[in-house]
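The values are calculated or read from the model by the stated rules, or taken from the named source; none is laboratory data. From a predicted model like this one, the values you see are computed outputs, not experimental measurements. So basically every Cβ, Gly included, is an ideal-geometry build from the backbone, and we count neighbours across all protein chains shown. Just so you know, the surface numbers come from the protein's heavy atoms only, side chains and all, with ligands and any DNA or RNA stripped out. Shrake-Rupley method; radii C 1.70, N 1.55, O 1.52, S 1.80 Å.
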Number of protein chains: 2
Amino acid sequence: MRYTILTGDRPTGPLHLGHYVGSLRQRVELQQHHDQTVLVADLQGLTDNGQNPEKISENTLNVVADYLAVGIDPDQTTICLQSALPALAELTMYYLNLVTVSRLERNPTVKSEIEQKGFERSLPAGFLVYPVSQAADITAFAATHVPVGDDQLPMIEQTNEIVRSFNRIVGAPVLTECQALLGKVSRLPGIDGKAKMSKSLGNTITLGASEQEIQAAVMQMYTDPHHLRVSDPGQVEGNVVFSYLDAFSADPEHIAALKAHYRRGGLGDMVLKRRLNEELQTLLAPIRARRAEYLADKGELIRLLAAGTQRAQAVTAEQLSRVRQALGLALQDDMAGV
Amino acid sequence: MRYTILTGDRPTGPLHLGHYVGSLRQRVELQQHHDQTVLVADLQGLTDNGQNPEKISENTLNVVADYLAVGIDPDQTTICLQSALPALAELTMYYLNLVTVSRLERNPTVKSEIEQKGFERSLPAGFLVYPVSQAADITAFAATHVPVGDDQLPMIEQTNEIVRSFNRIVGAPVLTECQALLGKVSRLPGIDGKAKMSKSLGNTITLGASEQEIQAAVMQMYTDPHHLRVSDPGQVEGNVVFSYLDAFSADPEHIAALKAHYRRGGLGDMVLKRRLNEELQTLLAPIRARRAEYLADKGELIRLLAAGTQRAQAVTAEQLSRVRQALGLALQDDMAGV
């Protein structure tokens with residue numbers, strides 16, 4: 001069974017190991033068996049960066065380089081730029097009329113993000129309505145599967161509500177409902193043990209991190225604060241080094257043995273950290289090299305992004321045309337014919 | 001001084017004498033001295049017709065025929081279709097990030113419309129944000145003047161707030177502030193004397209009304225309910241027949257004399273109504289004929305709308321490109337070059 005998958009990232013900063021574990025690694029696998037589109041969601045990035053748009057523009061090509069560096073293959077995956085797909089903005093305008101303000105205000109994902117970001121009364125309208133924009137993205141590609149974390153399930157539900165509402169109004173199954181594709185590995189914690197990882201918190205390891213940066217980050221990692229002497233028993237739960245070893249090691253049996261050893265005492269943090277450092281250096285060295293290579297040739301990056309975007313333009317324009325036809329707004333097509 | 005004027009109508013029904021007095025007549029004059037664009041605002045029409053889009057699609061070409069019939073000249077005025085201008089949706093997406101939800105909720109025009117339409121908790125998101133969409137329309141054409149009624153002044157203010165906010169963020173005067181062009185004649189009442197005129201209230205005279213329909217409407221007009229006998233003194237204020245005579249008669253001195261006569265008594269409603277009927281028949285006969293002619297050749301209507309829309313596409317796409325450049329989102333242009 002071949003899925004039509006839509007996924008993507010807001011280009012608000014360089015991608016990091018959290019992205020690698022949470023989505024990038026999965027995409028490299030998915031592209032082999034499914035039709036996958038990866039959207040560089042610059043419009044969505046602007047919804048909470050309206051006052052500093054340069055944050056988005058500076059990161060767009062970096063994110064594309066990150067994708068290519070980890071092995072997302074532009075021949076297998078359509079990599080495209082959201083703001084270069086006018087159909088997405090147009091579909092958003094149509095869908096905005098099918099969703100009430102109070103429904104958007106009740107969206108649990110949006111509610112918790114509004115709280116996190118401290119918007120309160122200064123909530124940008126674009127941020128409130130971004131689930132509608134996501135519904136436009138998903139339906140524009142007629143995506144059947146959307147890889148998300150648990151916290152994003154309300155976005156899938158919002159999309160499907162719009163799909164059902166639209167299909168009911170036009171009396172035909174024009175839009176496709178989608179389902180969540182929940183990843184096997186959930187979230188990687190920040191190196192400080194915090195659930196949220198971000199460049200501004202300084203608790204990430206980016207895909208382009210240098211050898212020294214990786215080592216320094218691993219050495220700073222939060223372990224068990226009560227594990228003072230090597231001989232002390234240590235706690236594995238909440239220990240960031242083990243979270244990372246779990247996520248990255250190819251040898252889970254060995255990790256299980258290390259955990260047992262750590263719990264009974266006699267295994268020092270430094271040994272573990274050295275081990276993790278080796279794993280991460282091995283993983284990231286070729287990614288860093290490919291990333292730098294791509295970023296050294298921005299013309300080629302732009303060419304690759306343009307090729308994917310062009311394919312996406314055709315797909316989304318056709319879907320927009322279907323939506324318009326269904327709404328009876330077919331004058332555009334009539335006008336194109338004269 | 002040549003203005004750049006943007007104006008338009010939501011195609012929610014055939015245009016009527018209220019539109020003629022409130023805007024259409026003015027447009028026929030303005031087009032001779034200014035750069036005027038008239039937008040058939042079908043997207044905006046959908047903001048409170050999301051559940052019955054056919055209301056919009058059915059009326060779009062009628063509205064274009066109305067324009068042409070009253071003398072809006074497609075060689076002097078750019079007549080274009082909102083939903084066929086993707087730049088408008090795209091600009092809306094950018095501007096939504098510059099406006100807070102609470103600011104939109106405080107917009108007096110939107111507030112009173114929400115009340116009128118009885119939306120309460122079922123307010124469509126598209127309706128709440130339509131002032132942002134209007135700002136996109138106005139700035140996409142770099143309009144300097146927007147003909148509005150008093151009740152629409154908050155929309156102009158909202159647009160200019162977005163303009164100032166955008167220019168401040170990008171540090172350059174990319175967008176142009178606009179000003180209201182307040183019409184000389186304010187609102188024509190419905191034939192029942194109500195301030196609001198609408199097809200659904202059945203209190204309008206449409207531009208395509210037949211001779212019999214016009215006559216029947218005039219005969220039904222609300223006058224002075226206390227003016228029972230011809231010899232009684234009558235009241236001119238709130239008397240719909242006089243409102244219409246004021247709006248349509250080419251001979252204000254004669255109307256002033258009629259008012260004086262009516263006030264002192266001895267002038268019957270029927271005399272006045274016959275007089276008004278004659279004026280309206282003379283005005284509307286050629287409009288009705290031209291309207292029917294245009295509607296008999298939809299291909300020609302579509303061709304005219306397509307020509308105007310194509311001009312508008314060029315103007316708005318160029319403005320969108322400027323906006324993107326200013327935001328640093330110039331990848332589209334780079335991509336177009338490869």
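Are any residues in segment B:261-274 over 32 Å from the mean Cα position of the chain (by Cα) and closer than 13 Å to B:ASP232 by Cα, and if so, which ones?
B:HIS261, B:TYR262, B:ARG263, B:ARG264, B:GLY265, B:GLY266, B:LEU267, B:GLY268 - these are the residues of segment B:261-274 that are over 32 Å from the mean Cα position of the chain (by Cα) and closer than 13 Å to B:ASP232 by Cα.
Take the residues in segment B:190-218 that are loosely packed, with under 14 Cβ neighbours inside 10 Å and aliphatic (A, V, I, L, M); name whichever of them is farthest from B:ARG291 (Cα to Cα).
Restricting to residues being loosely packed, with under 14 Cβ neighbours inside 10 Å and aliphatic (A, V, I, L, M), the top hit is B:ALA195.
Which is of a type in the set (A, V, I, L, M, F, W, C), within 14 Å of the chain's Cα centre (by Cα) and crowded, with 24+ Cβ neighbours inside 10 Å, of B:ILE72, B:ILE79? If you could, list the steps in order and put the result at the bottom.
Values: B:ILE72 fails: crowded, with 24+ Cβ neighbours inside 10 Å.
Checking each option against the conditions leaves just B:ILE79.
Is it fair to say A:ALA256 is assigned to a helix (DSSP H, G or I) and either modelled with pLDDT of 95 or more or more than 21 Å from A:LEU24 (Cα to Cα) (or both)?
Values: assigned to a helix (DSSP H, G or I): yes; either modelled with pLDDT of 95 or more or more than 21 Å from A:LEU24 (Cα to Cα) (or both): yes.
The answer is yes for A:ALA256.
Would you check if A:GLN332 is within 19 Å of B:LYS298 (Cα to Cα), in a helix (DSSP H, G or I) and in contact with a Lys or Arg (Cβ under 7 Å, 6 or more places away or on another chain)? It would help to see each step written out before you state the result.
Details: within 19 Å of B:LYS298 (Cα to Cα): yes; in a helix (DSSP H, G or I): yes; in contact with a Lys or Arg (Cβ under 7 Å, 6 or more places away or on another chain): yes.
Yes, satisfied.
Can you give me the number of residues within segment B:224-246 that are within 16 Å of B:GLU278 (Cα to Cα) and not charged (D, E, K, R)? Break it down into steps so the answer makes sense when it comes.
First, pick out the residues of segment B:224-246 that are within 16 Å of B:GLU278 (Cα to Cα): B:240-246.
This time we only want the ones that are not charged (D, E, K, R), so: B:240-245.
Counting residues in segment B:224-246 that are within 16 Å of B:GLU278 (Cα to Cα) and not charged (D, E, K, R) gives 6.
Can you confirm whether B:GLU293 is under 27 Å from B:GLN152 (Cβ atoms) and of a type in the set (Asp, Glu)? It would help to see each step written out before you state the result.
Working: under 27 Å from B:GLN152 (Cβ atoms): no; of a type in the set (Asp, Glu): yes.
Taking the combined requirement at face value, the residue does not satisfy it.
If I filter segment B:297-313 for residues that are among the hydroxyl-bearing types (Ser, Thr, Tyr) and more than 30 Å from A:ALA312 (Cα to Cα), do I get at least one hit? Give the steps one after another, and end with the answer.
Step one: filter segment B:297-313 for residues among the hydroxyl-bearing types (Ser, Thr, Tyr), giving B:309.
Still in the running and more than 30 Å from A:ALA312 (Cα to Cα): none.
No, there is no match, as no residue in segment B:297-313 is among the hydroxyl-bearing types (Ser, Thr, Tyr) and more than 30 Å from A:ALA312 (Cα to Cα).
State the number of residues belonging to segment B:154-200 that are part of a helix (DSSP H, G or I), within 15 Å of the chain's Cα centre (by Cα) and of a type in the set (D, E, K, R). Before you say what the answer is, go through the steps one by one.
Residues of segment B:154-200 part of a helix (DSSP H, G or I): B:154-170.
From what is left, the residues that are within 15 Å of the chain's Cα centre (by Cα) are B:155-156.
Going one step further and asking which of them are of a type in the set (D, E, K, R), we end up with none.
The number of residues fulfilling the criteria is 0.
Can you tell me which residue among A:ALA330, A:ALA247 is at pLDDT below 95, away from every other protein chain (no Cβ under 14 Å) and open to solvent by less than 30 Å² (accessible area, probe 1.4 Å)?
On the way: A:ALA330 fails: away from every other protein chain (no Cβ under 14 Å).
Exactly one of A:ALA330, A:ALA247 is at pLDDT below 95, away from every other protein chain (no Cβ under 14 Å) and open to solvent by less than 30 Å² (accessible area, probe 1.4 Å), namely A:ALA247.
Right, A:LEU15: at pLDDT below 95 and among the hydrophobic types (A, V, I, L, M, F, W, C) or not?
Working: at pLDDT below 95: no; among the hydrophobic types (A, V, I, L, M, F, W, C): yes.
Against the criterion (at pLDDT below 95 and among the hydrophobic types (A, V, I, L, M, F, W, C)), A:LEU15 does not qualify.
Please go through segment B:45-55 and give me each residue that is more than 7 Å from every other protein chain (Cβ to nearest Cβ) and either outside any loop (DSSP other than H, G, I, E, B) or surrounded by 16 or more Cβ atoms within 10 Å (Cβ to Cβ) (or both), ordered by number.
Step one: filter segment B:45-55 for residues more than 7 Å from every other protein chain (Cβ to nearest Cβ), giving B:45, B:48-49, B:52, B:55.
Once the filter is applied, which keeps residues that are more than 7 Å from every other protein chain (Cβ to nearest Cβ) and either outside any loop (DSSP other than H, G, I, E, B) or surrounded by 16 or more Cβ atoms within 10 Å (Cβ to Cβ) (or both), segment B:45-55 yields B:GLY45, B:ASP48, B:ASN49, B:LYS55.
Against the condition assigned to a helix (DSSP H, G or I), in contact with a Gly (Cβ under 8 Å, 6 or more places away or on another chain) and open to solvent by less than 10 Å² (accessible area, probe 1.4 Å), how does B:TYR262 come out, does it pass?
Details: assigned to a helix (DSSP H, G or I): yes; in contact with a Gly (Cβ under 8 Å, 6 or more places away or on another chain): yes; open to solvent by less than 10 Å² (accessible area, probe 1.4 Å): yes.
Judged against the criteria, B:TYR262 is a match.
On the given criteria, is B:GLY238 crowded, with 20+ Cβ neighbours inside 10 Å, outside the structural domain of B:VAL64 (by TED's automatic domain parsing) and not in a helix (DSSP H, G or I)?
Details: crowded, with 20+ Cβ neighbours inside 10 Å: no; outside the structural domain of B:VAL64 (by TED's automatic domain parsing): yes; not in a helix (DSSP H, G or I): yes.
For B:GLY238, the condition - crowded, with 20+ Cβ neighbours inside 10 Å, outside the structural domain of B:VAL64 (by TED's automatic domain parsing) and not in a helix (DSSP H, G or I) - is not met.
Of the residues that sit in segment A:284-322 and are open to solvent by 60 Å² or more (accessible area, probe 1.4 Å) and in contact with a strand residue (DSSP E or B) (Cβ under 9 Å, 6 or more places away or on another chain), which one is farthest from the other protein chains (Cβ to nearest Cβ)?
Taking the candidates together, the pick is A:VAL315.
Any residue at all in segment B:226-235 that is farther than 23 Å from B:SER23 by Cα and either assigned to a helix (DSSP H, G or I) or aromatic (Phe, Trp, Tyr) (or both)? Lay out the reasoning, then the answer.
Step one: list which residues in segment B:226-235 are farther than 23 Å from B:SER23 by Cα, which gives B:226-235.
Filter once more, keeping what is either assigned to a helix (DSSP H, G or I) or aromatic (Phe, Trp, Tyr) (or both): none.
Checking segment B:226-235: not a single residue is farther than 23 Å from B:SER23 by Cα and either assigned to a helix (DSSP H, G or I) or aromatic (Phe, Trp, Tyr) (or both).
Looking only at segment B:1-44, count how many residues are open to solvent by 30 Å² or more (accessible area, probe 1.4 Å) and either among the aliphatic types (A, V, I, L, M) or assigned to a helix (DSSP H, G or I) (or both).
Number satisfying all stated conditions: 7.
So is B:TYR94 more than 22 Å from B:VAL148 (Cβ to Cβ) and of a type outside the set (Val, Ile, Thr) or not? Walk me through how you get there before you give the answer.
Working: more than 22 Å from B:VAL148 (Cβ to Cβ): yes; of a type outside the set (Val, Ile, Thr): yes.
In short, yes.
Which condition does A:ASN107 not pass, out of (1) at pLDDT below 95; (2) open to solvent by 10 Å² or more (accessible area, probe 1.4 Å), if it passes all the others?
Unmet for A:ASN107, out of (1) at pLDDT below 95; (2) open to solvent by 10 Å² or more (accessible area, probe 1.4 Å): (2).
Results for (1) touching a helix residue (DSSP H, G or I) at 6+ places or on another chain (Cβ under 6 Å); (2) outside the structural domain of A:PRO173 (by TED's automatic domain parsing), shown as yes or no for each residue.
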| position | (1), (2) |
| --- | --- |
| A:ALA289 | no, yes |
| A:GLN313 | no, no |
| A:GLN319 | yes, no |
| A:LEU327 | no, no |
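Determine whether segment B:280-290 contains at least one residue that is at pLDDT 95 or above and of a type in the set (Lys, Arg). Outline the logic, then answer.
Just the residues of segment B:280-290 that are at pLDDT 95 or above, to begin with: B:280-290.
Keeping just the survivors that are of a type in the set (Lys, Arg) gives B:288, B:290.
Yes; the residues of segment B:280-290 include at least one that is at pLDDT 95 or above and of a type in the set (Lys, Arg).
Answer yes if at least one residue in segment A:113-126 is assigned to a helix (DSSP H, G or I), open to solvent by less than 10 Å² (accessible area, probe 1.4 Å) and more than 8 Å from chain B (Cβ to nearest Cβ), and no otherwise. Break it down stepwise before answering.
Within segment A:113-126, the subset assigned to a helix (DSSP H, G or I) is A:113-117, A:120-122, A:125-126.
This time we only want the ones that are open to solvent by less than 10 Å² (accessible area, probe 1.4 Å), so: A:125-126.
The next check asks that each one be more than 8 Å from chain B (Cβ to nearest Cβ); those that pass are none.
No, every residue in segment A:113-126 fails to be assigned to a helix (DSSP H, G or I), open to solvent by less than 10 Å² (accessible area, probe 1.4 Å) and more than 8 Å from chain B (Cβ to nearest Cβ).
Restricting to segment A:127-148, give me the number of residues that are away from chain B (no Cβ under 13 Å), open to solvent by less than 10 Å² (accessible area, probe 1.4 Å) and in a loop (DSSP other than H, G, I, E, B).
Residues in segment A:127-148 being away from chain B (no Cβ under 13 Å), open to solvent by less than 10 Å² (accessible area, probe 1.4 Å) and in a loop (DSSP other than H, G, I, E, B): 1 in total.
Please count how many residues of segment B:165-175 are without any contact (Cβ under 8 Å) to a residue 60 or more places away in the chain and either more than 13 Å from chain A (Cβ to nearest Cβ) or not basic (Lys, Arg) (or both). Give the steps one after another, and end with the answer.
Filtering segment B:165-175 for residues without any contact (Cβ under 8 Å) to a residue 60 or more places away in the chain gives B:167-168, B:171, B:173.
So of that shortlist, the ones also either more than 13 Å from chain A (Cβ to nearest Cβ) or not basic (Lys, Arg) (or both) come out as B:167, B:171, B:173.
The number of residues fulfilling the criteria is 3.
Among the residues of segment A:41-58, write down those that are closer than 16 Å to B:ALA326 by Cα and touching a residue at least 12 places away in the same chain (Cβ under 8 Å). Even if it seems obvious, please write down each step before you answer.
Here is the first cut: in segment A:41-58, the residues closer than 16 Å to B:ALA326 by Cα are A:42-43, A:46, A:49-58.
If the condition is that a residue be closer than 16 Å to B:ALA326 by Cα and touching a residue at least 12 places away in the same chain (Cβ under 8 Å), then A:ASP42, A:LEU43, A:LEU46, A:ASN49, A:GLY50, A:LYS55, A:ILE56, A:SER57 are the ones that fit.
So which residues in segment B:56-86 are within 8 Å of chain A (Cβ to nearest Cβ) and assigned to a helix (DSSP H, G or I), if there are any at all? Even if it seems obvious, please write down each step before you answer.
Step one: of segment B:56-86, the residues within 8 Å of chain A (Cβ to nearest Cβ) are B:56-58, B:60-61, B:81, B:83-84, B:86.
Selection gives B:ILE56, B:SER57, B:GLU58, B:THR60, B:LEU61, B:SER83, B:ALA84, B:PRO86.
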